[in-house]
Amino acid sequence: LITYGVLGIKNDPIKQWDLDMRNRFKPHRTKTPIDDYTLFLPIAAVYGLNISGIEGRNNILDRTVILGTSSLFMYASVNLIKNNTNIKRPSGRSQSSFPSGHTAISFMAAEFLHQEYGHVSAWYSIGGYTVAAATGFLRMYNDKHWLSDVAAGAGIGILSTKIAYWLH
């Protein structure tokens, strides 16, 4: 995912695919702000499941430390890349398109839910990743990001959580 996103910066066929995808969404129609909220749903699910008595892989303190570590990796990576690439958003409003931070948070959260509760039921993982994919889709639908931005953000989010669990 990250490699695809990086290739999209200079690769003309991928850039054209990004443009074709944007044009399919008809960028001048009504937008929805729900993607500003859906990115946190998998994290809320982890703590909600814990409160409801469903045991996850780690206790609440350990999972909070893991989430904090994952967040640090994700935010550092996204901000470092955004500050050094200056890719224009599809809407043209700013130069901070690559990678998608909302998508990175959402996939970081989905992987967190998967790591904590995927062994209890695959439906928790499916739900978390469905919400994350919807968030990425809405970032494109709302004319905030290219497909390559979303792909790279998803990869960074997943990788950040995997690293945090590995370190833990």
Using a Gaussian network model of the chain whose springs link C-alpha atoms within less than 10 Å, name the residue from T30, T130, T85 with the highest mean-square fluctuation. T30
With +1 on the Cβ of every Lys and Arg and -1 on the Cβ of every Asp and Glu, the dipole magnitude of the chain about its Cα centre, in debye rounded to the nearest 20, is 660 debye
From the residues S148, I163, I43, which one has its Cα farthest along the dipole of the chain in the positive direction, the dipole being from +1 and -1 charges on Cβ of Lys/Arg and Asp/Glu about the Cα centre? S148
How high is the relative contact order of region 32-162, in percent, counting Cα pairs under 8 Å that sit 6 or more residues apart? 35 percent
Averaged per residue, what accessible surface does the chain expose to a 1.4 Å probe, in Å²? 52 Å²
Protection proxy (average C-beta count within 10 Å per residue), highest first, orders 89-102, 50-63 as 89-102, 50-63
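Using per-residue counts of other Cβ atoms within 10 Å, averaged over each peptide, order 103-109, 71-77 from highest down. It would help to have the intermediate numbers written out before the result.
Numbers: 103-109: 30.3, 71-77: 18.1.
The densest-packed peptide leads the list: 103-109, 71-77.
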At 1.4 Å probe size, with the rest of the protein present, what percent of the exposed accessible area of region 21-168 is carbon and sulfur atoms? 65 percent
On a straight-distance basis, which lysines could pair with K26 in a cross-link, Cα separation under 16 angstrom, same-chain partners fewer than 8 positions away excluded? K144
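The values are calculated or read from the model by the stated rules, or taken from the named source; none is laboratory data. Since the structure is predicted, the reported quantities are computational estimates derived from the model, not experimental observations. For neighbour counting, all protein chains shown are included, and Cβ atoms are generated from backbone atoms with ideal geometry for every residue, glycine included. Only protein heavy atoms, including side chains, enter the accessible area calculation; ligands, DNA and RNA are left aside. Shrake-Rupley method; radii C 1.70, N 1.55, O 1.52, S 1.80 Å.
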